[in-house]
Every structure is written in C-alpha cells, then in structure tokens.
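Heads up: the structure comes next, in structure tokens.
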Amino acid sequence: MIISTEAQNVGFWNSALFKRAAWIFIFLSFVGLADSIYLTIEHYNGSAVNCFIVEGCDKVLSSEYAVMFGIPLGIIGAVYYLSIFSLSVFFLSGHSEKFFKAALIFSPVGSFASAYFVYLQIFVIKYICFYCMISAFSSTFLFLTATFLFFRSKKTG
C-alpha cells in the first residue's frame, strides 16, 4: 500500500517524539513565563528582587537594558513564553501541527535575545541576574529542542 506524503507527514507530527517535545516546550515555556511574570510584577512594585547564587539582580534589573521601547523585558519575555506555551498546548489538544511548527519557528527568537542579554550582563553591566539566567536557560533549551526536532525530521523525512 502506498501512503501519500501528506499522510506520512501527519503521522510523523503525531509521533511520540513530537508529543514529548511539545510537553518539553510546555514545561520550559511555563518556567520562563512564571519567571517573566515575577520580574514584571517586581518591576512595577518597585521591589528589590532577591537574588540567589549570584549577586547583581538589582544592578541588572535597574539598568538601562532592562527596558526596551519603554516596555520592561519581563513583559516581552512573558508574551514570548505565553505564545510558545499556547501554541504547544493547541498542538497537544489535537489541533494542527502548524501550531507546533510556529512554536518551533519562534524558539530561535528567544534564544538569540537571551544570548544578547547574557552578553550584556557579563561584559557591559558586569553583574549576573539569577532570574534572567533562568529565562536564558529556558529559551536556550527550547531552541535546542527545536533544532533537534528539525534535524530529526530531515533525517526521517
């Protein structure tokens, strides 16, 4: 029996690998979302953020780089992570694989932004923010998972 390319593609996207990856996306984006919401709340409350492991959260979060176009980076991060989270949930809820493909396509945006902000922390501000690093790790692992899936799909497709 010959199976059409479209039918093979649908089966591939519904494979256990992609379902596990979607759960990884949900977990990582939830961590990033919670982190971003916390930083946003603290920004608007004007509260000092308790820093763990490293010192400098206050220096980083009060720097000129903590706000972009008048918007705190926490809000921008929250929108990014909420998008990834929602797209992944829609995919797992039985909607089209296009939702998860969109989540995979968005993943480099957060990763490259995080790389830039880590660069700023280390070389410009010269302090590290623990919460910013949580976001950087979340977005980096989202990107690495997406990259793995991309190469896996090319290998099997």
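Looking at residue 116, is it among the hydroxyl-bearing types (Ser, Thr, Tyr), within 29 Å of residue 150 (Cα to Cα) and touching a Gly at 6+ places or on another chain (Cβ under 6 Å)?
no
If I ask for residues that are under 18 Å from the mean Cα position of the chain (by Cα) and in a helix (DSSP H, G or I), which ones from region 39-81 would you list?
Across region 39-81, the qualifying residues are 39, 40, 66, 73, 74, 75, 76, 77, 78, 79, 80, 81.
Provide a single number: the residues in region 15-70 that are in contact (Cβ under 8 Å) with a residue 40 or more places away in the chain, of a type in the set (Lys, Arg) and closer than 24 Å to residue 88 by Cβ. Explain how you work it out, then say what you get.
Looking only at region 15-70, we keep the residues that are in contact (Cβ under 8 Å) with a residue 40 or more places away in the chain, and these are 17-19, 21-26, 28-33, 35-39, 49, 51-57, 59-61, 63, 65.
From what is left, the residues that are of a type in the set (Lys, Arg) are 19, 59.
Imposing the further condition that a residue be closer than 24 Å to residue 88 by Cβ reduces the set to 19.
Matching residues across region 15-70 total 1.
Identify the residue in region 43-64 that is among the β-branched types (Val, Ile, Thr) and either modelled with pLDDT of 85 or more or farther than 18 Å from residue 126 by Cα (or both) and, among all such residues, is surrounded by the fewest Cβ atoms within 10 Å (Cβ to Cβ). Before the answer, list the steps.
Here is the first cut: in region 43-64, the ones among the β-branched types (Val, Ile, Thr) are 49, 53-54, 60.
When the remaining residues are screened for being either modelled with pLDDT of 85 or more or farther than 18 Å from residue 126 by Cα (or both), the result is 49, 60.
Values: 49: 18, 60: 25.
Going through the qualifying residues, I end up with 49.
The values are calculated or read from the model by the stated rules, or taken from the named source; none is laboratory data. Not measured: the values here are computed from a predicted model. A quick note on method: Cβ atoms are made from the backbone with ideal geometry, for glycine too, and the neighbour counts reach across all protein chains shown.
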